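The values are calculated or read from the model by the stated rules, or taken from the named source; none is laboratory data. It should be emphasised that the depicted structure is a prediction, and the values quoted were computed from it without experimental measurement. Cβ placement follows ideal geometry from the backbone for every residue including glycine, while neighbour counts extend to all protein chains displayed.
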Amino acid sequence: MAITLHDKFEKQIETVFTTDSLIKGRLSDKFSFAGVKTIKVMTPQTVPMVDYTRSGANRYGTPTEMQDIVQEMTLTQDKSFSMTIDKGNNADQNGLKSAGRMLKLQIKERAIPAMDKYCFEQLAHKAGTVAANSAKLTKDTVMDRIQLATQLMDDAEVPQEGRTLFVSNETFTLIKKAGIDLKTENTAENAFVKGQVGEIDGMKVVKVPAGRWVSNLNFLIVYKNAAIAPVKLNDTKLHQDPPGISGNLLEGRQYYDCFVLAAKCMGVYAEVNTNAGGVVLAAPTVSEAGDITAADGATAVYTTDGSDPRYSMTAKTGLSIAANSGDVMKVYQYKDGAFPSAVVTVTHA
């Protein structure tokens, strides 16, 4: 006689490994998008110091009206999800799929990682400095490269307090192999939950998993007030037995973006591994007459008012610049699948 064995589901469910947001709380929160989709940030432009003249009408120099540069930031990321938990299916599964628990699970496994990944991509591609490293990073060179980045930021007078060093798992391994002691007495235990694994030169070191990291990026240094990641909507809804559904309907929406601030762009440094396939575009060629030679498939962006074309609302695209003699032309180029070029500056003839 056959013996029939019964199956059952355990009351405990298994979920994939997740971590909290690695970006939240590490960027500036000084700007508000309340009631608007776009904000404009004005940066007044100071004038050079000159020698004081002890005679004449303009002893302090020729008066120059203070100009300003405006950066426009518009929210673009409007993401959502919708899923159902059928009452019959849940009953047949011994009620394992509690709607509240499944809603939290969706946020941890999908919403938070997607937002982090987008923010890291924006920071890396909009960084004030995007450095190409053609030599493979090793345990013998990793600290030299990080020190080079901090030196550049120091020379740009970026405050040392408030910097975070984001690293890939591969770069973190090289740092450990180099014998660098990352642990400090000031590193709180709960910091490790958010990815912080110690400090280097006063910078918090945050290890980012591959799913949220940017391909071919070795490391990213971000000064807190150099970028913002506003979240305008972080909305979830749980509907019980809505029309047409016997069970629960779970819905959520995230409305957010990430911006590097033009005035503080030198507070964001990205190093790209070009040895493994990463591409950093070279700066375009610009003649004194305003003719631009860009890479195949790349878009050239320029300004003629002295503002940085990577962030300025006056930036234009094209290969021919209409400018007056003496105008300062600033140009860079970008292309899908590559990191953008540095900015080249040429004075129109």
Hey, any hits in the stretch 283-301 for a residue that's closer than 26 Å to PRO44 by Cβ, more than 22 Å from the chain's Cα centre (by Cα) and surrounded by 18 or more Cβ atoms within 10 Å (Cβ to Cβ)?
no
From the options SER32, SER80, residue that is closer than 30 Å to ALA229 by Cα, part of a loop (DSSP other than H, G, I, E, B) and of a type in the set (Gly, Ala, Ser)
SER32
Show the residue pairs meeting these rules: Cβ distance below 7 Å; 6+ apart or different chains; first residue within the stretch 14-30 and outside the structural domain of LEU105 (by TED's automatic domain parsing); second residue at pLDDT 90 or above and of a type in the set (S, T, N, Q).
ARG26/THR164; SER28/ASN225
From LEU96, LEU123, residue being at pLDDT below 85 and either closer than 20 Å to ASP241 by Cα or buried (at least 19 other Cβ atoms within 10 Å of the Cβ) (or both):
LEU96
Residues that are within 23 Å of LEU27 (Cβ to Cβ) and free of Cβ contacts under 8 Å to residues at least 40 places away in the same chain: which strands (runs of 3 or more DSSP E) entirely in the stretch 109-220 hold 3 or more of them?
196-200
Out of (1) at pLDDT below 95; (2) closer than 30 Å to ILE39 by Cα, what's the single condition that is false for TYR223?
(1)
If you go through the stretch 320-335 one residue at a time, do you hit one that is among the acidic types (Asp, Glu), touching a residue at least 12 places away in the same chain (Cβ under 8 Å), closer than 28 Å to GLN45 by Cα and surrounded by 14 or more Cβ atoms within 10 Å (Cβ to Cβ)?
yes
Candidate set: the stretch 64-82, residues that are of a type outside the set (Ser, Thr, Tyr) and modelled with pLDDT of 95 or more; chosen: the one farthest from the chain's Cα centre (by Cα):
PHE81
Which ones in the stretch 233-275 are crowded, with 19+ Cβ neighbours inside 10 Å and charged (D, E, K, R)?
ASP257, LYS264, GLU271
